[in-house]
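Participant: Mind looking over this structure? Questions follow.
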Amino acid sequence: MTDTLFTPLTLRETEVPNRVMVSPMCQYSSTDGFADEWHLVHLGSRAVGGAGIVMTEATAVSPEGRISPNDLGIWSDDHADALAPTAEFISEHGSIPAIQLAHAGRKASIARPWEGGKPVLEEDGGWTPVAPSDIPYPRDEPAPDVHKLTTEEIQDVIDDFRDAAERALDAGFEIAEVHAAHGYLLHEFLSPVANDRDDEYGGSFENRTRLVREVTEAVREVWPDDKPVFVRISATDWLDDRESWDLAQSIRLASDLETLGVDLIDVSSGGIHPDQQLPNTGPGYQTPYAERIREETDLPVGAVGGIRTARHADELIRNERADLAIVGREHLRDPYFTLHAAEELGEDVEWPVQYRRA
């Protein structure tokens, strides 16, 4: 029988009620990294709206791992305690609570988008970004220096991801996702565009992928065997005119991650350099990458990018192009995307009892 958008998906012993996932989307609404009422309402309403998986925004594993001073974090037990009510609410309303564990690397310490997105200096509450190499992210304005991580500091990053995963589990999350995309720290190690190291973390494919593999191993070690671990990758840097990260390497990495116990690859693209050239950004523009990784490995994949309609999401699953439809901006426009999709596709899905009179 052909799977549809409303066919449950079983990953290890976690049964996702449908194939819709709320994509991680930064809200830039935290103080000192703490979740608050905004996160409870924002994420909770998408669970009420029927999404199978509701994932937090990029949640920093350390203070310097935040993109902006207003990013969500989980670098202490108190941060986990602040997130726990949101995870509980998501579960209570039939969705699977998931968390994206992240480190912004050289793209850290910038202002919120609606405040200009420029670097925030230390005297203004910012910090020195860290990176695989002392190559700052190119910007129109003068970029602040970045600190090249030592091998000892790289081990601290791995420990930060491990500790964050333990806290996330205690907070009630069912799925942990390692963020290795969009030009942030782990992607920076993958791509020669940002990584010119000549030690065991640079140069060859094996060395450039080492940190992603070690972080994934660390998360998998503390995440229960019956619960899934995802990894989000940028399948390509969109930089064909220079040595960079591309689909062939992504397929190879996905195969390596499968052996480490990863259950799904969340396939995005780009973010490493502003010179990237996207051919288009129309509906499903990144899906071919997810499809190729699914074909070349035995791993389930999630497709993200320009999924705006119920029929588009459903066709991704029916045509076996992806196992999850990961919906971002459309969930900002419509928290009840999944319930509306069920109505449009003729699926018998219960609305919350509080809303049935509508």
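Participant: Compute the signed sum of charges (Lys and Arg +1, Asp and Glu -1) over the other residues within less than 11 Å, Cβ to Cβ, of Ile96.
Facilitator: Net of charged neighbours comes to -1.
Participant: Report the antiparallel proportion of the DSSP beta bridges in the chain as a percent, rounded to a multiple of 5.
Facilitator: Among the beta bridges of the chain, antiparallel pairing accounts for roughly 15 percent.
Participant: Can you tell me the order of 98-110, 131-143 when each peptide is scored by its average per-residue count of other Cβ atoms within 10 angstrom, highest first?
Facilitator: The densest-packed peptide leads the list: 98-110, 131-143.
Participant: How large is the dipole of region 248-358 about the Cα centre if only Lys and Arg carry +1 and Asp and Glu carry -1, each at its Cβ, rounded to the nearest 20 debye?
Facilitator: Approximately 440 debye in magnitude.
Participant: Let me ask another. Counting only Cα atoms, I'd like the Rg/Rh figure for the chain, Kirkwood definition for Rh.
Facilitator: 0.95
Participant: So, with +1 on the Cβ of K and R and -1 on the Cβ of D and E, and no other charges, what is the size of the charge dipole of region 19-103 about its Cα centre, to the nearest 20 debye? It would help to have the intermediate numbers written out before the result.
Facilitator: Details: 3 positive and 11 negative charges, 100 e Å.
Rounded to the nearest 20 debye, it is 480 debye.
Participant: Say we join alpha carbon atoms closer than 10 Å with springs in a Gaussian network model of the chain; which of Gly172, Gly125, Gly33 then has the biggest fluctuation?
Facilitator: Of Gly172, Gly125, Gly33, the Gaussian network model singles out Gly125 as fluctuating most.
Participant: Further question on the same structure: What is the distance in Å between the Cα centres of region 50-65 and region 242-273?
Facilitator: After rounding, the separation between the Cα centres reads 19 Å.
Participant: Let me ask something else. Is it possible to state the helix-based mean residue ellipticity at 222 nm for the chain, with each DSSP H run of 4+ residues giving -39500 (n - 2.57), the sum divided by total residues, to the nearest 500 deg cm²/dmol? What is it?
Facilitator: Result for the chain, helices only: -10000 deg cm²/dmol.
Participant: Shifting gears a bit: Quick one: net charge around Met1, please, counting Lys, Arg +1 and Asp, Glu -1 for every other residue with C-beta under 13 Å from its C-beta.
Facilitator: Net charge in that neighbourhood comes out at -1.
Participant: Can you give the charge dipole size of the chain about its Cα centre, rounded to the nearest 20 debye, using +1 on the beta carbon of Lys and Arg and -1 on the beta carbon of Asp and Glu?
Facilitator: Computed charge dipole of the chain: roughly 1160 debye.
Participant: Something else now. Give me the percent relative contact order of region 148-213, please, defined on Cα pairs under 8 angstrom at least 6 residues apart.
Facilitator: Once divided by the residue count of region 148-213, the mean separation gives 21 percent.
Participant: Quick one: compute the contact order of the chain, relative version, from alpha carbon pairs under 8 angstrom and 6+ residues apart, as a percent.
Facilitator: Values: 811 pairs, mean separation 60.1, N = 358.
About 17 percent, as a whole number.
Participant: Name the helices (complete DSSP H segments) of the chain with a Cα length along the long axis of 15 Å or more and a Kyte-Doolittle mean of at least -1.0, or state none.
Facilitator: Once both thresholds are applied, what remains is 37-48, 77-92, 151-171, 210-222, 247-259.
Participant: Also, I was wondering about something else. Straight distance only, please: which lysines reach the Cα of Lys107 with their own Cα at less than 25 Å, same-chain residues fewer than 8 apart left out?
Facilitator: Lys118, Lys148
Participant: If you don't mind, there's one more thing I want to ask. Under a 10 Å cutoff between Cα atoms, tell me which one of Ala82, Ala235, Ala60 has the largest fluctuation in the Gaussian network model of the chain.
Facilitator: Ala82
Participant: Please name which of Ser29, Ile74, Pro8 has its Cα lying farthest along the dipole of region 1-80 towards the positive end, using unit charges on Cβ (Lys, Arg +1; Asp, Glu -1) and the Cα centre as origin.
Facilitator: Pro8
Participant: Let me ask you something else. What percentage of the solvent-accessible surface of region 260-358, computed with a 1.4 Å probe over protein heavy atoms, is contributed by carbon and sulfur atoms?
Facilitator: C and S fraction of accessible area: 41 percent.
Participant: In Å², what does the accessible area per residue of the chain work out to with a 1.4 Å probe?
Facilitator: Per residue, the chain has 41 Å² of solvent-accessible surface.
Participant: Tell me, what ³J(HN,Hα) does each residue in region 319-324 have, in order and in whole Hz, if you take phi through Karplus 6.51 cos²θ - 1.76 cosθ + 1.60 with θ = phi - 60° and put x for Gly and Pro?
Facilitator: Computed from phi, the couplings for region 319-324 are 8, 6, 8, 7, 9, 10 Hz.
Participant: Length gain on complete extension for the stretch Ser45 to Glu296, per 0.36 nm per residue less the alpha carbon to alpha carbon distance?
Facilitator: The Ser45-Glu296 span can extend by a further 86.7 nm.
Participant: Next question, about the same structure. Relative contact order (percent) for region 1-83, with alpha-carbon contacts under 8 angstrom and 6 or more residues of separation?
Facilitator: It rounds to 31 percent for region 1-83.
Participant: Now for a separate question. Please report the net charge: other residues with Cβ closer than 9 Å to the Cβ of Arg197, K and R +1, D and E -1.
Facilitator: Summing Lys/Arg as +1 and Asp/Glu as -1 gives -2.
The values are calculated or read from the model by the stated rules, or taken from the named source; none is laboratory data. Source: prediction; values computed, not measured. All Cβ positions, even for glycine, are placed from backbone atoms using ideal geometry, and neighbour counts span all protein chains on display. Side chains included, ligands, DNA and RNA excluded: accessible areas come from the protein's heavy atoms. Shrake-Rupley method; radii C 1.70, N 1.55, O 1.52, S 1.80 Å.
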